[in-house]
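Peer 1: Mind looking over this structure? Questions follow.
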Amino acid sequence: DANAAEAAYKSAFALDTTNFILLALLAELYKGTGREEESRQLFKKILSTVSEDATADEIITYMNAYRNERSFLNLNLLGRSYLGLGDMDAMEKLIEKHLKLYGKKPWLFYQIACLYSLAGQQDRALEWLEKALEFKKMQSLIFYHSSFILDSDLNNIRNTEGYREVLRKYFPSVHK
């Protein structure tokens, strides 16, 4: 029920006004229920906390005030906000900053795959997903954590032949 979800997000945000993940969830709820202008305003509020010329370090420092640095959820949150505003260029600049800051990290690559999937760019999403899976440790983490199979961020690529090929390549004993 969208009304109950909205009330829950607003109540939770009132208790923790630094938790912009709640605002992002509310913005996505608004977008999904046709409340485009309210959605845009929340995405703008999230992004206004970080200036346009903020360095990657500044963005990470701010976002990690309430999130674990290694989770890269900050990239996902800010990237979703840019996508919600239709600003693909800003999302790609954010990705570049994270790559410069963190380098080759499988969870970063996974989050990039999620963002490109959300943006509807299937080929790029599959490319980054494969880069993430090239790390043996990532394969075992993803396999044992059903997020890879259930992560809704990947819904735009889940039914593609490319996605099935990636599953067969990295998890051949399970996906034949």
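The values are calculated or read from the model by the stated rules, or taken from the named source; none is laboratory data. All values reported here derive from a predicted model rather than from experimental measurement. Cβ coordinates were reconstructed from backbone atoms using ideal geometry, including for glycine residues, and neighbour counts include every protein chain displayed. Calculation scope for accessible area: heavy atoms of the full protein, side chains included, ligands and nucleic acids excluded. Shrake-Rupley method; radii C 1.70, N 1.55, O 1.52, S 1.80 Å.
Peer 1: Just give me the residues in the range 20-74 being among the basic types (Lys, Arg) and either crowded, with 17+ Cβ neighbours inside 10 Å or at pLDDT 50 or above (or both), in sequence order.
Peer 2: Those that are among the basic types (Lys, Arg) and either crowded, with 17+ Cβ neighbours inside 10 Å or at pLDDT 50 or above (or both): 31, 35, 40, 44, 45, 67.
Peer 1: Cβ-Cβ under 6 Å, sequence separation 6+ or interchain: first residue in the range 150-164 and open to solvent by 10 Å² or more (accessible area, probe 1.4 Å), partner not in a helix (DSSP H, G or I) and not charged (D, E, K, R). Which pairs?
Peer 2: Hits for this filter: 156/120.
Peer 1: If the requirement is being over 26 Å from residue 17 (Cα atoms) and either open to solvent by 40 Å² or more (accessible area, probe 1.4 Å) or at pLDDT 85 or above (or both), which of these qualifies: 83, 101?
Peer 2: Numbers: 83 fails: over 26 Å from residue 17 (Cα atoms).
That would be 101, the only listed residue that is over 26 Å from residue 17 (Cα atoms) and either open to solvent by 40 Å² or more (accessible area, probe 1.4 Å) or at pLDDT 85 or above (or both).
Peer 1: Looking at residue 142, is it among the β-branched types (Val, Ile, Thr), surrounded by 19 or more Cβ atoms within 10 Å (Cβ to Cβ) and modelled with pLDDT of 75 or more?
Peer 2: For residue 142, the condition - among the β-branched types (Val, Ile, Thr), surrounded by 19 or more Cβ atoms within 10 Å (Cβ to Cβ) and modelled with pLDDT of 75 or more - is not met.
Peer 1: Collect the residues in the range 157-176 that are in a helix (DSSP H, G or I), modelled with pLDDT of 90 or more and of a type in the set (Ser, Thr, Tyr), keeping them in residue-number order.
Peer 2: Within the range 157-176, just 163 meets the criteria.
Peer 1: Would you check which residues across the range 1-19 are exposed (fewer than 10 other Cβ atoms within 10 Å of the Cβ) and assigned to a helix (DSSP H, G or I) and list them?
Peer 2: Once the filter is applied, which keeps residues that are exposed (fewer than 10 other Cβ atoms within 10 Å of the Cβ) and assigned to a helix (DSSP H, G or I), the range 1-19 yields 3, 4, 14, 15.
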